[in-house]
Amino acid sequence: MKFGVVVFPGSNCDEDVFEVFSSYLGMETIKLWHKDEDLKGLELGDCIILPGGFSYGDYLRSGAIARFSPIMKSVISFAENGGLVWGICNGFQILCEAGLLPGALLRNENQQFICKNVHIVPSSNQSVITAQLTPNVALKIPIAHAEGRYFADEATLAGLKQNDQILFRYSDASGNVDAPSNPNGSIDNIAGICNIGRNVFGMMPHPERAANTMVGNTDGLKLFESLLTSSKIFS
Amino acid sequence: MQNQSETLVTVETGKKLGLTEAEFEQIVSIMGRTPNFTELSIYSVMWSEHCSYKNSIHWLKTLPREGKRLLVGAGEENAGLVDIGDGLACAFKIESHNHPSAIEPFQGAATGVGGIHRDIFTMGARPIAALNSLRFGNIDLPHTRRLVEGVVAGISHYGNCFGVPTVGGEVYFNDCYNQNILVNAMSVGIVEVGKTVSAIAEGLGNPVFIVGSATGKDGIHGATFASADLTEDSAEDLPAVQVGDPFQEKLLLEATLEAIKTGAIVGMQDMGAAGITCSTSEMSAKGGVGMMIDLDKVPTRQKNMKPFEILLSESQERMLIVCHKGQEQLLLDVFEKWDLECAEIGEVTDTGTLVFHTSGTKIAEVNAHSLVLGGGAPVYQREYKRPAYVEEIRKINTKSIPLNTKYVASAKKLAASPNLVSKRWIYEQYDSMVRTGTMTTNKPSDASVVWVKDTKKAIVLTTDCNSSYVHADPYQGAMIAVAEAARNIVCSGGTPVAITNCLNFGNPYNQGVYWQFVQVIKGMGDACRKFNTPVTGGNVSFYNQSVLKDGTEPVFPTPTIGMLGVMDDISWHTTLHFKKPGHVIYMLGTPVNDLGSSEYCRTVLGIPLSAPPSFDMDEELHLQQNITQLIRKKYIESAHDISEGGLFHCLLESAIAGNVGFDIETDSNFRKDAYLFGESQSRCVVTINPQKEDAVVNFLNTHNVPFSRIGEVIKDEIKIDAESFGKIGEYTLIYNNTLGQKMAGVQN
């Protein structure tokens, strides 16, 4: 299994996520440049990561320009053919803008950028990034965003629930999903979702920032390990 | 002033541009003729305080600026460069953006962050950490809150998008900053030794490029603006404030570092104050060469910009690059990849003169050397006199203050002081974790610790300055600022190696202000020699004072110390939080019956000014050296230095961070409020696993380290001399929420 990390101008978590796959997990990992349409040999069964950052500056709505970049044409068709695509933070925003995931990410309820550790609890084990996680056990993962308030209309939200597409909810340290644990006003405490085909994932928290012992938190590494282990089972 | 070349230039023109009569005459003498308006503008910005350091350089040169680890001398390059081992060097610098931030807090602070990062990556180093040191007025004033909101949002906007973590800093509130806030930003980068780029122009005929953003009308005469008092009319100087574009800066960073790898670059300098003028003159003067520049080739944002506007524009996110002739395409390709402007605007000459053309006509011709610091720029030694207030403050002897026995009420009031509470309302708006090297997010310590990837070492960073101490006694206050910075690094497990400074003062033509400046330099110099932390550079910001109805009021002298430490083995990292009940609490160092300049005096007793806390530099160094030993022997579980708020606040912070309580006894040889809340220096609190206690005591005794066993960590309560001070949860709420409530305008 190979991994491709897309580099948009303004991506700034590309190196961090690249490092997790290549150095910590020892996986073959390449970078994909936004101006190219070439996926450099990535095939179905491989995985594309859209990293965090401020693609094209995000002076407009976050992700609104990135979705039109040449590489996204290829990412969209890769996803439509069933390829694994994982968007983290800005990557999640781009996936929503590109229509690969439902809903939208609005400005945080307090109108400020928020960077801090939060807890999230897996809501479904029916995805490669959550399959190996312990149900109902909260993970400490940082967030860092100004536009992370997940929103979907009632019908969409009902669909997400019905199809078990909600992957993570903000919770307290014990895994209780409650209002005080919701850092940004996301509807239903939603922190991450997948598409109906369960091959496209988006989440606002940054698991790559909780993936090495140097920073003193490896909760995020569990998502990466789940991806490696369970992508075989799901494929 | 429609056509500069025809404008008659006189002494009066010079004065309008901020030059003195004598300086104007000196320019005429250097040139052998009267300069035209463009040339005079060039001199006016290059000889401004901001670019020339004319009123400070004499004294700055007395600071210790040499050391085994220093790879460039202070002021030689855009930032200091320190060898950290493993073939790596650390470039770091702190700089002020006070005046722009006072007028337009968002953009002022944002471009301050952008400017300091450029100083780092123009040397070829990749910034891996940012810090900031902020001073605001009274937080209960709506004006202050507007400034706090704007400055924090500006730093957040720029730093987060640029993708470098803001890992630390400090924030203080004091009425002296009500009008003139201070915004000091620090950047720290890593580069392989020998792979740096110098800000030098060399090689006859080598092409000169301007890269990055196009040049606009923003920030014209910003350097001159920064070199004058802030007045109530300053808001009209708004066009002197620049507008930042962090996205462009991120692209410029990546493109610049990639361009360096091509080998095509001879020298490079970022454009900050005085834009093209400053970068062309400094690079030329350094290389002993000249440049021929065609201003028509400079990409501009609007049509019909006047030559002096192009020359003086402080548009952000630009660099000047001298390229090896014949290798231009390598440079062009990189900047094309990153969709940035890259325009050849001239070439290096051997004349020593800068010649600027537009429309085929020469519009200015000035000698590069005559413009710059260390060359022809004026150097002044201002007169100084000890201001009367110093004597008044010395008379305020805190020992004669009647004992205040309302200890619990005092502790709670002090815990809610905006200067002591958690700054999370601020720092949670900064991305502190991007690049995944910040070790102190999950394991907080007195200084910020950032892992240097691919090594087993970390850099340890802090900014420190208690300006109340400095105001009370500039010499001692400056020494304490250096000592506290070093103590923070030592308590975190690092070794202090060098400093950068940001010297914020009032008007240097005020003799009292200049006395403060001289005393600060002397104190800083003495302390830096003692701690073996040479000064690698920094920034001087004068004219920080407010114009009031009945005269001017300088800010407290605020010499911010940005200190770099190295931790060769990350297993030495020591955190500040109490680990678990049962651990024993020791205070290292000697307490003194002293309440001088304490937050307790100001907040609880209502005594705004008093003598600085007692301080002995030999004791301090001795303490620090032994803390380092305790850490390396793995003897201690936590370390936290005693500073603002005294012993009580030190214990409180460690307890809150560990979500535990503490039970201590005070020493009856001291007045209890001084023991709990006094800020006498050279002390630190450590906790010890009881199993190691004997070994630690033995070590402390053999090494003559004064210590007191003051108590132990308990579950969730604060107890002092058997009296309950309340549950830790109560204090945690105060600590975490007060600043947010204040910012929401809640008065208490």
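Taken together, the values in this text are just the output of simple stated rules run on the coordinates, not laboratory data. The structure displayed is predicted, hence computed values, not measured ones. Don't worry about glycine lacking a Cβ; one is built from the backbone with ideal geometry, like all the others, and counts go over all protein chains shown.
For segment B:566-625, place one equal point scatterer on every Cα, skip the solvent, and apply the Debye formula. What is log10 of I(q)/I(0) at q = 0.12, 0.21, 0.23 Å⁻¹? After summing over all Cα pairs, the log10 values are -0.56, -1.01, -1.02.
Checking the cross-link pairs B:93/B:362; B:337/B:362; B:250/B:457 against a 30 Å limit on the alpha carbon distance flags B:93/B:362; B:337/B:362 as lying beyond it.
Remark on the protein assembly as shown: Rg and Dmax equal 28.6, 86 Å (Cα only). The separation of segment B:516-593 from segment A:1-53, counted between C-alpha centres, amounts to 43 Å.
Evaluated over segment B:622-746, the count of Lys pairs having alpha-carbon atoms less than 16 Å apart is 5 (only pairs 8 or more residues apart or interchain). Using the Cβ-Cβ distance between residue A:23 and residue A:140 with R0 = 22 Å, the FRET efficiency computed as 1/(1 + (r/R0)^6) comes to roughly 0.50. Of the residues B:418, B:433, B:407, the one whose Cα sits farthest toward the positive end of the charge dipole of segment B:335-449, with +1 on the Cβ of Lys and Arg and -1 on the Cβ of Asp and Glu, is B:407. Residues in segment B:163-168 carry Karplus couplings, in order, of x, 10, x, 8, 9, x Hz; the curve used is 6.51 cos²θ - 1.76 cosθ + 1.60 with θ = phi - 60°, and Gly or Pro positions show x. The residues B:727, B:443, when put in order of fewest to most other Cβ atoms within 10 Å, stand as B:727, B:443.
Using the Cβ atoms and a cut-off under 10 Å, what net charge is assigned to the surroundings of residue B:90, where Lys and Arg are +1 and Asp and Glu are -1? Once all neighbours under 10 Å are counted, the net charge is 0. Annotation: amide H of residue B:707 within the under-5 Å range of B:589, sequence separation 5 or more or interchain, hydrogens built in the peptide plane. Other residues whose C-beta falls under 14 angstrom from the C-beta of residue B:562 contribute a net charge of -4, scoring Lys and Arg +1 and Asp and Glu -1. For segment B:571-642, the list of trypsin sites (Lys or Arg not before Pro) that fall in a loop by DSSP and count at most 12 other C-beta atoms within 10 angstrom reads B:633, B:634. For the pair residue B:659 and residue B:722, label points projected 7 Å from Cα toward Cβ lie 3.2 nm apart.
Just want the ordering: B:730, B:428, B:392, from fewest to most Cβ atoms lying within 10 Å of their own Cβ. Please report the intermediate quantities before stating the final value.
On the way: B:730 14, B:428 22, B:392 10.
Arranged by neighbour count, lowest to highest, B:730, B:428, B:392 become B:392, B:730, B:428.
Helical runs (DSSP H, four residues minimum) scored at -39500 (n - 2.57) apiece and divided by the length of chain B put the mean residue ellipticity at 222 nm at -10500 deg cm²/dmol. Each part reduced to its alpha carbon centroid, segment B:391-418 and segment B:671-748 end up 18 Å apart. With the cut-off at 1.5 for a/c, could you classify chain A from its C-alpha gyration tensor as rounded, prolate or oblate? Cα axes put chain A in the rounded bin.
Considering only alpha-carbon pairs that sit under 8 angstrom and 6 or more positions apart, the relative contact order computed for segment B:570-663 is 47 percent.
Extension gain, residue B:399-residue B:442: 0.36 nm per intervening residue step, less the Cα-Cα distance, totals 11.4 nm. Taken along the Cα-to-beta-carbon direction at a fixed 7 Å, the label points for residue A:176 and residue B:392 span 5.6 nm.
From the Cα gyration tensor of segment A:43-140, with a ≥ b ≥ c the square roots of its eigenvalues, which class applies: rounded if a/c is under 1.5, or else prolate if a/b is larger than b/c, or else oblate? In terms of gyration-tensor shape, oblate.
Quick one: Kirkwood hydrodynamic radius for segment B:675-748, alpha-carbon pairs, angstrom, one decimal?
Details: mean 1/r = 0.0631 Å⁻¹.
About 15.9 Å, per the Kirkwood formula over Cα pairs.
Measuring r between the beta carbons of residue B:126 and residue A:43 and using R0 = 35 Å, the FRET efficiency lands at 0.55.
Given the Cα-Cα distance of residue B:304 and residue B:143 and 0.36 nm per residue of separation, how much length would full extension add, in nm?
Full extension from residue B:304 to residue B:143 adds 54.2 nm.
Mind running the shape call on segment B:240-331? Use the C-alpha gyration tensor, a ≥ b ≥ c as the square roots of the eigenvalues: rounded below 1.5 for a/c, prolate if a/b tops b/c, oblate otherwise. Oblate, because a/c is 1.5 or more while a/b does not exceed b/c.
Expected output is a single nm value to one decimal: the length gained when fully extending between residue B:327 and residue B:262, i.e. 0.36 nm times separation in residues minus the C-alpha distance. What is it? Please list the in-between numbers first.
On the way: separation 65, 0.36 × 65 = 23.40 nm, distance 0.90 nm.
Contour length minus Cα-Cα distance gives 22.5 nm.
Distance from the Cα centre of segment B:150-202 to that of segment A:75-153, in angstrom? Value for the Cα centre distance between the two parts: 31 Å.
Between residue B:695 and residue B:529, what FRET efficiency follows from the Cβ-Cβ distance if R0 is 22 Å, with the result rounded to 0.05? Before the final figure, lay out the partial values.
Values: r = 34 Å, r/R0 = 1.53.
The computed FRET efficiency comes out at 0.05.
Using a 10 Å cut-off around each Cβ, can you sort B:354, B:676, B:8 from fewest to most neighbouring Cβ atoms?
Working: B:354 28, B:676 25, B:8 9.
The most exposed by this proxy come first: B:8, B:676, B:354.
The number of Lys pairs in chain A with C-alpha atoms less than 17 Å apart, excluding pairs fewer than 8 positions apart on the same chain, is 10. Take the residue pairs B:399/B:443; B:406/B:580; B:195/B:303 and return only those whose Cα atoms are more than 32 Å apart. With Cα atoms farther than 32 Å apart: B:399/B:443; B:195/B:303.
Spin-label model, residue B:703 to residue B:455: label points 7 Å out along the Cα-to-beta-carbon direction sit 2.4 nm apart. The antiparallel fraction among DSSP beta bridges confined to the protein assembly as shown stands at about 75%.
Here chain B carries DSSP beta bridges of which approximately 80% are antiparallel, counting only pairs with both residues inside.
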